[in-house]
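Novice: Just passing along the structure, written as structure tokens.
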Amino acid sequence: MIKISTEYIQNIPILNVAREDIFSDTLPTLVFLHGFTSSKEQNLSYAYLLAKNGIRVLLPDLPLHGERSDPISVEERQWKFWDIVVQGIAEFKEVADHYVTNGHTDSGRIGVAGTSMGSITMFGALTQYDWIRTAVSLMGTPSYEQFANMMIHSIQKEGRQLPLSTSELESKVQSLKPYDLSLNPRLLGDRSLLIWHGKADNVVPYQLTKQFYESLVKAGLFRENQVEMVTDPIAGHKVTRDACHRAVEWVIEKL
């Protein structure tokens, strides 16, 4: 039987999912990060499939999402997108440290996965924490600087008013560079990474992710079977059933 426990680390709500018979054991652990306007509960299908195979899955609500939502508009939340991502990177470590300290997570077997904004957060975490063993990106991008500039251009093209001055925007984009794995690809090291993306994605550009993968290949920065990119030729900004199961298989194999 699979047990789901709602827990809190300071102000971070988390679903802790594992098999009931080993719930208190030290287990390999995956932290799964949800997408923009989503919540921890939306990814329980991944948690169930992994928990059946002896893996603990921790699903936190990212800032301004789920139980942490504030009564603000989607547009206001969009302005805070990169603040959410950067805070999420820091909170990922808090979550992992907590479960290692209480003996429920094997410190040598920690992985991270995410969808969309959660995947972008995951890529940032790879630049900061070399103890991550494996990672899965579902329709995310490691290219923080390029994607941030694309977002700004899109807003300007729509004629919407930006809440920051030009100099403030430039400073904000510059502050993202330390988390940009496309600018620091060697930080991947020997960690395994699965990337899934749909070619028809109109939210997070497929081409940015493809360029990153091709740069890794060209530079010879990973060994055989360490990094894999799966392209869905027709998928948009939605994870398919096949992608879900491939992600689960990857984590089971690599973690």
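Novice: Using a Gaussian network model of the chain whose springs link C-alpha atoms within less than 10 Å, name the residue from Gly198, Gly159, Gly35 with the highest mean-square fluctuation.
Specialist: Largest GNM mean-square fluctuation: Gly159.
Novice: For the chain, with a Gaussian network of springs between Cα atoms less than 10 Å apart, report the residue from Ile84, Ile22, Ile132 with the top mean-square fluctuation.
Specialist: Comparing Ile84, Ile22, Ile132 in the GNM, the peak value goes to Ile22.
Novice: If you don't mind, another one. Work the Kirkwood hydrodynamic radius out for the chain: mean of 1/r over every pair of different alpha-carbon atoms, inverted, in Å.
Specialist: So the Kirkwood estimate lands at 18.4 Å.
Novice: At 222 nm, what helix-only mean residue ellipticity would the chain give, in deg cm²/dmol to the nearest 500, using -39500 (n - 2.57) for each DSSP H run of four or more?
Specialist: -12000 deg cm²/dmol
Novice: Further question on the same structure: Write down Rg/Rh for the range 58-114, rounded to two decimals, with Rg from the C-alpha atoms and Rh from the Kirkwood relation over Cα pairs.
Specialist: 1.07
Novice: Report the trypsin sites (Lys or Arg not before Pro) located in the range 81-184 that are in a DSSP loop and have at most 12 other Cβ atoms inside 10 Å of their Cβ, or state none.
Specialist: Answer by residue number: Arg160.
Novice: With 24 Å as the limit, write out which pairs from Lys172/Lys218; Lys172/Lys254; Lys93/Lys254; Lys40/Lys238 have Cα-Cα distances beyond it, or answer none.
Specialist: Result: Lys172/Lys218; Lys172/Lys254 exceed 24 Å.
Novice: Moving on to the next point. Amide H to amide H under 5 Å from Phe36: which residues, 5+ apart in sequence or cross-chain, H placed 1.01 Å off N in plane?
Specialist: For Phe36, whose amide H was placed from the backbone, the distant partners under 5 Å are Met117, Gly118.
Novice: On C-alpha positions alone, give me the angle between the axis of helix 166-175 and the longest principal axis of the chain, in degrees, nearest 10.
Specialist: 30
Novice: If you don't mind, there's one more thing I want to ask. Return one whole number: the accessible area per residue of the range 94-220 in Å², for a 1.4 Å probe.
Specialist: 44
Novice: Can I ask one more? Amide H of Met229 versus every other amide H placed in the peptide plane: which residues, excluding those fewer than 5 positions away on the same chain, fall under 5 Å?
Specialist: Amide H neighbours of Met229: Ile195.
Novice: Of all alpha-carbon pairs in the range 89-224, indicate the percentage at a distance above 17 angstrom.
Specialist: 63
Novice: Are there GluC sites (Glu not before Pro) in the range 1-107 that DSSP marks as loop and that have at most 12 other Cβ atoms within 10 Å, and which are they?
Specialist: none
Novice: Return the long-range amide H neighbours of Leu27 (sequence gap of 5 or more, or a different chain), with a cut-off of under 5 Å between placed amide H atoms.
Specialist: Amide H neighbours of Leu27: Thr105, Asp106.
Novice: Would you calculate the convex hull of the Cα atoms in the range 1-65 and tell me its volume per residue in Å³?
Specialist: 73
Novice: Let me ask something else about it. Pick out which of Val173, Val204, Val217 has the largest mean-square fluctuation in a Gaussian network model of the chain, springs linking Cα atoms closer than 10 Å.
Specialist: Its mean-square fluctuation being the largest, the pick is Val217.
Novice: Between the range 111-176 and the range 236-250, how far is it from one alpha carbon centroid to the other, in angstrom?
Specialist: Rounded to whole Å, the Cα centres lie 21 Å apart.
Novice: Helix 206-219 versus the longest principal axis of the chain: what angle, 0 to 90°, nearest 10, using Cα atoms?
Specialist: Orientation of helix 206-219: about 70 degrees from the principal axis.
Novice: With +1 on each Lys and Arg Cβ and -1 on each Asp and Glu Cβ, and nothing else charged, work out how big the dipole of the chain is about its Cα centre, in Debye to the nearest 20.
Specialist: Roughly 440 debye for the chain.
Novice: Given the whole protein assembly as supplied and a 1.4 Å probe, what does the accessible area of Asp242 come to in Å², nearest 10?
Specialist: Estimated to the nearest 10 Å², Asp242 gives 120 Å².
Novice: Looking at the range 1-56, which trypsin sites (Lys or Arg not before Pro) are DSSP coil and have at most 15 other C-beta atoms within 10 Å of their C-beta?
Specialist: Lys52
Novice: log₁₀ I(q)/I(0) of the range 8-135 at q = 0.09, 0.16 Å⁻¹, via Debye over equal Cα point scatterers, no solvent, to two decimals?
Specialist: Results for the range 8-135 at q = 0.09, 0.16 Å⁻¹ read -0.23, -0.72.
Novice: I'd like to know how the range 190-255 sits against the 2.2 N^0.38 Å rule of thumb: what's its Cα Rg over that expected value?
Specialist: 1.14
Novice: How much of the accessible area of the range 156-250, probe 1.4 Å, is carbon plus sulfur, in whole percent?
Specialist: Of all accessible area on the range 156-250, carbon and sulfur atoms account for 49 percent.
Novice: Quick one: net charge around His197, please, counting Lys, Arg +1 and Asp, Glu -1 for every other residue with C-beta under 15 Å from its C-beta.
Specialist: After counting each charged neighbour, the total is -1.
Novice: Moving on. Please give the helix 117-128 orientation as an angle from the longest Cα principal axis of the chain, in degrees from 0 to 90, rounded to the nearest 10.
Specialist: 80
The values are calculated or read from the model by the stated rules, or taken from the named source; none is laboratory data. Since this is a predicted model, take the numbers as computed values, not measurements. With ideal geometry, Cβ positions are generated from the backbone for all residues, glycine too; neighbour counts draw on all protein chains shown. Note: areas computed on protein heavy atoms with side chains; ligands, DNA, RNA excluded. Shrake-Rupley method; radii C 1.70, N 1.55, O 1.52, S 1.80 Å.
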